[in-house]
Amino acid sequence: MAFWNKEIETMPREELEKLQLKLLRAKLREMYDKSPFIHEKMRSVNLLPEDVDSFDKFRQVPFMKKTDLRDNYPDKLFVRPYDELVRVHVSSGTTGKPTVVGYTQGDLDNWTESLARGMTSFGMGKKDMLQNFHGYGLFTGGLGVHYGAERIGATVLPIGTGNTARQIQLMQDLPVTTWAGTPSYMFHIADVCDQQGIDIQRDTKVRLAIAGGEPWSESMRKKLQDRTGVRVHNCYGASEFYGPMFLECEKQNGLHIWADLCYMEILDKNGDPCADGERGEIVVTMLQKEAFPLIRYKIGDISALDWEPCECGRTHPRLMRISGRTDDMLVVRGVNVFPSQIEAVIGEMPFLSPFYRITLENENYMDSMMVEVEMNEESLTEDMVQLNRMTSQLASRMKEILNIKADVRLVLPGTLERFEGKGKHVVDNRKYD
Ligand SMILES: [Zn+2]
């Protein structure tokens, strides 16, 4: 079995935890000095970096939340000047303010190292050609996976999203062995191949895939594998970490969370650590991140961590499938969408009332989003031409803010059901089994 960095990947748990604590203390010391934000958080609980001599003690450090990123937009959390940065990525955040993440060369190296280990762990190598369906650009998926594959000596076809006909043509013409993208797009590829009479096993060399960027399930994996004959490996990450960075090995039994790069806690409702294998909220501390510190960050996902060594020989803990979220964030076609962003757009339009409903469907695992908004009483007197104009104005503004297309409909005042409290604006009919 191949390893990318065998010494680290098979280090006994006890040694790994020693290393984690050492890196944790060093990172806290550095951030206490360099980051006014972390300094203030630690001061607020009278904690000095030197006091943190155990993971228990570390739990006294207050959490970092998505709202902290918003409040420090765009770059107030960076601890390195732009001179030392080599890249910036931007992703959707709450209430229309995106999240901006800066990277030093060291950050890019660690991100790439993480993916190189993961790709090697499911059998990818020099002989492989990766067709990367992930979007290149501000989204971290494209470039992240790209550099990981190049690091292990694989050949990358940086095709990006869309243009399914060309995707399918090239995967037949070139020796593509591996896909990377969202699972829903892989289902779409399978559909189009069926329509065109293309048998992926007979007509292409594709045998492996990396799928992530949106919620999906074990039964979706089984269906996708049965339909395509491709072994599909789960991938997890977030732009706040670096990007997509953790992968499943060939055993497909959880994501290997590299403990020398990431200290991951799973906490119950009271903030106490969950037992091995028990589900709770994921809290992430990046141990070697340089430009943009991430200390006890609540990413909003729910899952469990298992420290039982994997059959593949790797000793780092494994993260089980994400089973939900703690906030109202939705992932639609791989894009983070917050109902608060939609509220903000509605608030800009003088002809709308604040009542809206988001309906999500996923036929063949391809997400669609419909947004219904009530007009206000004044706009009832408008003619059809004007109403159409209002609808398209709302739709284009929505696309601009959310980065995905929604089916936008204006409805009459009083049509939508009224609910008390938040979080009732979403009807999610998507199924992942
Ligand atoms: Zn493994």
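The values are calculated or read from the model by the stated rules, or taken from the named source; none is laboratory data. Everything numeric in this text was worked out from a predicted model, so none of it was measured. Here Cβ is always computed from backbone atoms with ideal geometry, including for glycine, and neighbour counts include all displayed protein chains. The protein model used for the area step is the full one, side chains on, heavy atoms only, and it has no ligands, DNA or RNA in it. Shrake-Rupley method; radii C 1.70, N 1.55, O 1.52, S 1.80 Å.
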Percent carbon-and-sulfur accessible area, the chain, ignoring ligands, DNA and RNA, probe 1.4 Å: 50
All aspartates and glutamates inside 18 Å of LYS97 as judged from Cα atoms, apart from same-chain residues fewer than 8 positions distant: ASP68, ASP71, ASP75, GLU240, ASP327, ASP328, GLU343, GLU348, GLU400
Cβ crowding within 10 Å averaged over residues, with 169-176, 62-69 ranked highest first: 62-69, 169-176
Per residue accessible area in Å² of the stretch 265-406, where ligands, DNA and RNA are left out and the probe is 1.4 Å: 43
Built amide H within the under 5 Å cut-off of THR155, gap 5+: ASP128, MET129, LEU130
DSSP bridge pairs, the stretch 82-326: antiparallel proportion in percent, nearest 5: 65
Karplus-derived HN-Hα couplings along the stretch 75-86 (A = 6.51, B = -1.76, C = 1.60, θ = phi - 60°), whole Hz, x at Gly and Pro: 9, 5, 8, 5, 10, 10, x, 4, 3, 8, 8, 10
Sparsely packed GluC sites (Glu not before Pro) within the stretch 260-323, loop by DSSP, other Cβ within 10 Å at most 14: GLU278, GLU311
Cα-based convex hull volume of the chain per residue, rounded to whole Å³: 157
DSSP beta bridge pairing in the chain, given as percent antiparallel to the nearest 5: 60
Separation between Cα centres of the stretch 363-408 and the stretch 169-242, rounded to whole Å: 32
Compactness of the stretch 82-326 as Cα Rg over 2.2 N^0.38 Å, two decimals: 1.00
Gain upon complete extension [ASP433, GLU150; 0.36 nm per residue less C-alpha separation]: 98.5 nm
Per-pair calculated FRET efficiency, R0 = 41 Å: LYS126 and LYS57 via Cβ, rounded to 0.05: 0.40
Potential extension, ASP328-GLN288 segment - 0.36 nm per residue separation minus Cα distance: 11.4 nm
The chain, relative contact order in percent, only Cα pairs under 8 angstrom and at least six apart counted: 15
Gap separating the Cα centres of the stretch 258-306 and the stretch 33-92, nearest whole Å: 15
Ranked by how many other beta carbons lie within 10 Å on average, peptides 126-134, 233-241, 102-110, 357-365 from highest: 233-241, 126-134, 102-110, 357-365
Amide N of the stretch 256-292 lying under 18 Å from the label point, which is placed 7 angstrom from the Cα of LYS18 along Cα→Cβ: 259-261
Förster-model FRET efficiency, 35 Å R0, ASP268 and LEU48, C-beta, rounded to 0.05: 0.80
5 angstrom amide H check on MET64, placed H, neighbours 5+ away: TYR297, LYS298
From phi via Karplus (6.51, -1.76, 1.60), per-residue ³J(HN,Hα) for the stretch 35-47 in Hz, x at Gly/Pro: 10, x, 5, 5, 3, 5, 4, 6, 4, 5, 10, 6, 10
Segment ASP83-ARG397, length gained on full extension (0.36 nm per residue, minus Cα span): 109.6 nm
Sequence-distant residues sharing a close amide H with SER353 (under 5 Å, placed H): GLU374, MET375, ASN376
Spacing of the two label points (7 Å from each Cα toward its C-beta) at GLU218 and ASP191, in nm: 2.7
Where the stretch 1-133 is the region considered: accessible area per residue in Å², 1.4 Å probe: 48
